[in-house]
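Below is one structure, written out as structure tokens; comments come after it.
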Amino acid sequence: MESKTDSIFHLHSFARNDYIHQKKDMRRYWLVSFVFIALSILTHAQGRYQSVAFDEISTETVTYATKDGENLDLDIYLPQGDAETERATIIFVHGGGFSGGTRNSEKVVNFCNEMASHGYVVASISYRLLRKGTPEGFGCLCPANVKLNTIDAAVEDLQDATFFLIENREQYAIDPQRIILAGSSAGAETVLAAAYKPPYCYGLDSGPVSFAGVISMAGAIADTTVLYDESAVPSLLFHGTDDNLVPYATAPHRYCGQDDPGYLMMNGSYTIAEKLEKLGVPFWLHTSCGAAHEIANKPMTDYVDEVVDFCYDFVIKGVQESRRTIVPGVQKDPKYEQFDFCED
């Protein structure tokens, strides 16, 4: 018959063994949890920027500036479940001839979500549409100096949005040294003009900031002298050879006549690429033969892989090379008949 002492001993032994098992179970639980978290972080780190790494994206709308009584907002797209504290960022500027367009159209929203799922912080901004409601719009009846002032105002708004994001970089986990600009049509003219400015401090004690790269979807600049060693950045330039609004090479904006108030020579993607090549700055010229101004929107749907590759190769990895892609088609525009831009 078991004595009382033996019963107490067995009870203590049972409790001790149970405690040991519980302790082992807890260790096993924390080990499995640690491995799971580590693998999750590693998977995101390996896939980040190259492929889809995040399934959940949150969107927040904030006002970055108020001008002339108008709130200028931006939508910021953030990958959820992301432990990274300094993330590369894309700022997108919509098109619309400086008279229309929105930061949250369906194509823009889908594009921003797609890039955010690759691990980028993405911000799509509103800016002052100074030609909205004007009879001349942004066409040949709009004086050339007014066109330039309109672009300058949009560039100022983009710089203010950039400053806002950098000022709040800790909240949004932004790396101020890896900000990429992207824009469509009027937005492309804006991002090119902003990207090719000399480095600017943006209030950082660490010193001046250059944009890490620029993506232009059917854009152009008025003056190629703004491109020099200190101002040029890696560039992805989408354009159609037969663009009827923004010239592919160098020609009058909207092909206005010399007697038109809106006569303004503009330098499109081909001319920009030639200048970047002379400077030895990496670029990717993506030419669609025979395509018109629809290339302003097409990259957001048809050429997302190229955008992802550019951001990863040219910005994240810092590849020093030039690429020229030619999408087959028939170059019909007689304005460039002396050139065969579609020749391999």
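Summary of the geometry: region 51-71 and region 167-235, compared by the centres of their Cα atoms, lie 18 Å apart.
All other residues whose Cβ lies under 13 angstrom from that of residue 63 are scored, Lys and Arg at +1 and Asp and Glu at -1, for a net of -4. Amide H contacts of residue 329: 289, each under 5 Å away and 5 or more positions distant or on a separate chain (H built 1.01 Å from N in the peptide plane; Pro and chain starts excluded). Along region 85-98 the Karplus relation, 6.51 cos²θ - 1.76 cosθ + 1.60 evaluated at θ = phi - 60°, assigns HN-Hα couplings of 9, 9, 10, 4, 9, 10, 10, 9, 10, 6, x, x, x, 6 Hz to successive residues, with x for each Gly and Pro. If Lys and Arg each add +1 and Asp and Glu each add -1, what is the summed charge of the other residues whose beta carbon sits under 14 Å from the beta carbon of residue 261? Here the charged neighbours net out to 0. Under the simplified labelling scheme, the residue 52-residue 302 pair shows an inter-label distance of 2.2 nm, with each label point 7 Å from Cα along Cα→Cβ.
In this rough spin-label picture, where each label sits 7 Å from Cα along the Cβ direction, the residue 278-residue 148 distance is 2.0 nm. Among 167-176, 181-190, 292-301, sorting by the average number of other beta carbon atoms lying within 10 angstrom of each residue, highest first, gives 181-190, 292-301, 167-176.
Checking the cross-link pairs 107/197; 132/332; 197/275; 275/317; 298/332 against a 26 Å limit on the alpha carbon distance flags 107/197; 132/332 as lying beyond it. Dividing the mean sequence gap of close Cα pairs (under 8 Å, 6+ apart) by how many residues region 258-335 holds gives a relative contact order of 42 percent. For residue 170 and residue 62, the difference between the fully extended length at 0.36 nm per residue and the C-alpha to C-alpha distance is 37.3 nm.
Counting Lys +1, Arg +1, Asp -1, Glu -1, what net charge surrounds residue 122 among other residues with beta carbon under 15 Å of its beta carbon? Local net charge: -2.
Counting only C-alpha contacts under 8 Å and six or more residues apart, can you give the relative contact order of region 210-344 as a whole percent?
It comes to 27 percent, rounded to a whole number.
Ordering 76-86, 55-65, 306-316 by mean Cβ neighbour count within 10 Å, with the highest value first, yields 306-316, 76-86, 55-65.
Summarising the amide proton neighbourhood of residue 266: residues at separation of 5 or more, or on other chains, whose placed amide H is nearer than 5 Å comprise 251, 253. Between the amide H of residue 53 and those of 118, 119, distances stay under 5 Å, these residues lying 5 or more places away or on another chain, with hydrogens modeled in the peptide plane. Peptides 159-165, 67-73 ranked from most to least packed by the mean count of surrounding Cβ atoms within 10 Å: 159-165, 67-73. Protein heavy-atom surface of region 109-205, 1.4 angstrom probe: 49% of the accessible area is carbon and sulfur, with nucleic acids and ligands not counted. The label-point distance for residue 110 and residue 141, in a model that sets each label 7 Å from Cα toward Cβ, rounds to 3.5 nm.
For region 185-224, averaging the sequence separation of C-alpha pairs within contact (under 8 Å, six or more residues apart) and dividing by the residue count gives a relative contact order of 54 percent.
The values are calculated or read from the model by the stated rules, or taken from the named source; none is laboratory data. Being a predicted model, the structure only gives us computed values, none of them experimental. Note: ideal-geometry Cβ built from the backbone for every residue, glycine included; neighbour counts use all protein chains shown. Ligands, DNA and RNA are stripped out before the accessible areas are found, and what is left, the full protein with its side chains, is counted by its heavy atoms. Shrake-Rupley method; radii C 1.70, N 1.55, O 1.52, S 1.80 Å.
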